[in-house]
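Accompanying notes for the structure given below.
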Amino acid sequence: MDCFKIAGLVLTPFGKDIVEQKGSGGIGCVLNVFWILIAGIWIFLSHVALGVGLAVTIIGIPFALQHLKLAFLALAPFGQRVKEG
């Protein structure tokens, strides 16, 4: 279900924050390690590359910041919650 969390943030990234969810425990840590090894690192690197590319122009800076926010969510989505800012 965390893939839908990332997808929802991609569709409407502005005005939302990522906060740590209490009570995810050890299972969240194990799932994050598994996620990082399978797909998380590649999604993280693609968002960082897009953020750096967008930060070149003044118009792209807000979008670059959103890609960096998405990068950290994509790296370890379990135990994180998307909150309306």
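Can you give me the long-range amide H partners of residue 16? Hydrogens built in the peptide plane at 1.01 Å from N, cutoff under 5 Å, separation of 5 or more residues or another chain.
85
Quote the charge dipole size of the chain about the Cα centre in Debye, to the nearest 20; the model charges only the Cβ of Lys and Arg (+1) and of Asp and Glu (-1).
Charge dipole, the chain, about its Cα centre: 80 debye, nearest 20.
Taking all protein chains as present, what is the carbon and sulfur share of the accessible area of segment 15-65, in % to the nearest whole number, probe 1.4 Å?
Exposed carbon and sulfur together represent 79 percent of the surface.
Shape of segment 1-42 from its Cα gyration tensor (a ≥ b ≥ c, root eigenvalues): rounded if a/c is under 1.5, otherwise prolate when a/b > b/c, or oblate? Don't jump to the answer; show the numbers that get you there.
On the way: a/c = 2.61, a/b = 1.38, b/c = 1.89.
Oblate shape, in that a/c is at least 1.5 and b/c is the bigger or equal ratio.
With a point put 7 Å past each Cα toward its Cβ, work out how far residue 52 is from residue 81 in nm, to one decimal.
In this crude label model, residue 52 to residue 81 measures out at 3.4 nm.
Per residue, what accessible area does the chain have, given a 1.4 Å probe and all protein chains present, in Å²?
On a per-residue basis, 66 Å².
Compute log10 of I(q)/I(0) for the chain with the Debye formula, placing one identical point scatterer on every Cα and leaving out solvent, at q = 0.11, 0.16, 0.17, 0.25 Å⁻¹, to two decimals.
-0.30, -0.61, -0.68, -1.24
Give me the three principal axis extents of segment 38-85 from the C-alpha atoms, as integers in angstrom, largest value leading.
Projected onto the principal axes, the Cα atoms of segment 38-85 cover 33, 28, 7 Å.
The values are calculated or read from the model by the stated rules, or taken from the named source; none is laboratory data. All values derive from a computational prediction rather than experimental measurement. Reconstructed Cβ throughout: ideal geometry from the backbone, glycine too, with neighbour counts over all protein chains shown. To get the accessible areas, we keep the full protein, side chains included, count just its heavy atoms, and leave off ligands, DNA and RNA. Shrake-Rupley method; radii C 1.70, N 1.55, O 1.52, S 1.80 Å.
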